[in-house]
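Heads up: the structure comes next, in structure tokens.
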Amino acid sequence: MSIDADRLWRRIEALSKLTDPDRPWTRRSFRPRFLEGREWLAAEFRTAGLATGIDAGGNLVGRLAGADPSLKPIILGSHSDTVPSGGRYDGILGVLAGLEVAQSFIERGDRLRHSLEIYDFLAEEPSEFGLSCIGSRALAGALTGAQLAMTRPDGMTLREGIAYVGGRPDELGSVRRGPDSVAAYVEVHIEQGRVLENEGVAIGVVTDIVGIRRERITITGRADHAGATPMPLRADALVGAAKLIEAAYQRASARSRDAQPLVATVGRIEVSPNAANAVPGEAVLILEARSGDEAAVKLFGETLVRDLTPELAKLRLHVASEPISSVSPTACAPAVRAAIAQAAASLGLSSREMPSGAGHDGMFVAAAGPIGMIFVPCRDGRSHAPEEAIEPHQAADGARVLAETVRLLDATLG
Ligand code: HGY
Ligand code: MN
Ligand code: MN
């Protein structure tokens, strides 16, 4: 099953040019640049011969009808939105590899039994509304009214955001795929870590996706004059935040050799008044914990805040936490894993099983059917950074394994 590796790489390069020029590579969901990327993608989907449209959840979907309409679809895809100053391949590779596979089947005249659907899922990265995986949550029927009412700093609600990208938030029921309604979902993604590159292995067969919990922690002190306020009288919220961040770092580091390590990150913090000559009165940070150990993820933030509260109280600080999102660890299906491993072997590519420390849309698509993920190495494991890089042959390897996996699943699945 051949694919056109040059066309795949040309498309990756072309999409990466649609970026905020001052922050390569940036295409934030629900922003004009994202819509530019969507317009380009939809045109490529149509050129490839796919019946293309935006579903009510704001996902771009290209569909190739199968020979047996009674069968459930095989879904491919990923996401085209990025983190700020992110990479050119995180998500983009999966959407364009899916497109390449579909187009290759069409050009070869290979009629699959199952229909093939290629998704660009809306807003897989944490959006300005605070929530990630918007489009795949919609597919799983997992978007709540409270989430649709979430706002971003300019006041737009997520409901309005979905409409802005062409979705129909009042018709989300039409997007939902019930349990066992999808034959299989397979996503190609860069590893975003160093294992494959360090071991010189071409393909990662993902076993499971870690659980992820995000919460907003607000530390409240008192804004004061930075010069006239003696140290013993201060209630400096940023000092409290620093203690909490350090404790989170130490506690997670102590677990880095566990069978199921836990990682914790505070990647986002807002300080007010945020002035060089004012004692910070408030610090709002987003704490994220991830692990294959669901209980550990659930408890991490809770115990951290509980344990730090007395120490922060001595600094005249109050600390409160509110949950933002929580996703359980997600297993990849043995049948899909086996097909990926068989596909890699038939192409003479080395492979190894491995967990995903990154989150993906498959966490939600799993509600509708069996999922699998194909990892390819990325240079020095870098991702969510402009340095993110892969080689053309690695993109081609991922697409070839995807094509062969689709062929195997199409032949074996009911
Ligand atoms: O955050 C993640 O793990 C993914 O890259 N969105
Ligand atoms: Mn990402
Ligand atoms: Mn991604």
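Bear in mind these aren't lab numbers, they're just calculated from the coordinates by the rules spelled out. Quick caveat: nothing in here was measured; it's all calculated off a predicted structure. When we count neighbours, we look across all protein chains shown, and the Cβ atoms used for this are built from the backbone with ideal geometry, even at glycine.
Here are some notes:
- Integer Hz, Karplus 6.51/-1.76/1.60 couplings in order for region 338-355, x for Gly and Pro: 5, 5, 5, 5, 5, 5, 4, 4, 5, 9, x, 9, 6, 8, 8, 7, 6, x
- For the chain, the orientation-averaged shadow of the C-alpha convex hull comes to 20.1 nm² (one quarter of the hull surface).
- Between SER181 and ALA411, the distance separating the two model label sites (each 7 Å from Cα on the Cα→Cβ line) works out to 3.1 nm.
- Projecting the Cα positions of SER174, GLY381, SER351 onto the charge dipole of the chain (unit charges on Cβ atoms of Lys, Arg, Asp and Glu, taken about the Cα centre) puts SER174 furthest along the positive direction.
- Alpha-carbon Rg/Rh ratio, for region 211-327, with Rh computed the Kirkwood way: 1.03
- Note, ³J(HN,Hα) from phi for region 276-287, Karplus 6.51, -1.76, 1.60, rounded to Hz, x at Gly and Pro: 4, 10, 10, 5, x, x, 8, 10, 10, 10, 9, 9
- Among TYR164, ALA67, VAL188 the positive-end extreme of the charge dipole of region 58-214 (Cβ point charges): ALA67
- Simple Cβ-charge dipole of region 273-414, Lys/Arg +1 and Asp/Glu -1, about Cα centre, in debye nearest 20: 120
- Its DSSP H runs of at least 4 residues, each contributing -39,500 (n - 2.57), put the calculated 222 nm mean residue ellipticity of the chain at -11000 deg cm²/dmol, to the nearest 500.
- Straight-line reach from LYS314: taking Cα to Cα under 26 Å and skipping same-chain neighbours fewer than 8 places apart, the lysines in range are LYS243.
- Diffusion coefficient of region 122-230 by Stokes-Einstein, Kirkwood radius over Cα pairs, 20 °C, 1.002 mPa s: 120 µm²/s.
- Candidate cross-link partners of LYS298 among the lysines, defined by an alpha-carbon separation under 16 Å and a same-chain spacing of 8 or more, are absent.
- Spin-label pair GLU171/ARG251, simplified geometry with 7 Å Cα→Cβ offset, distance in nm: 4.6
- Centre-to-centre separation between the Cα atoms of region 77-144 and those of region 30-63: 10 Å.
- Under-5 Å amide H pairs with ILE324, H placed in peptide plane, nonlocal only: ARG214, GLU215, ARG216
- Every pair of different Cα atoms in region 94-168 enters the Kirkwood calculation, which places the hydrodynamic radius at 14.2 Å.
- Taken along its three principal axes, the alpha carbon spread of region 350-414 comes to 42, 26, 19 Å, from the longest extent down to the shortest.
- Rounded to the nearest 20 debye, the dipole magnitude of region 211-327 is 100 debye, with +1 charges on Lys and Arg beta carbons, -1 on Asp and Glu beta carbons, and the Cα centre as origin.
- Spacing of the modelled spin labels on GLU302 and ALA345, each 7 Å from Cα toward Cβ, amounts to 4.3 nm.
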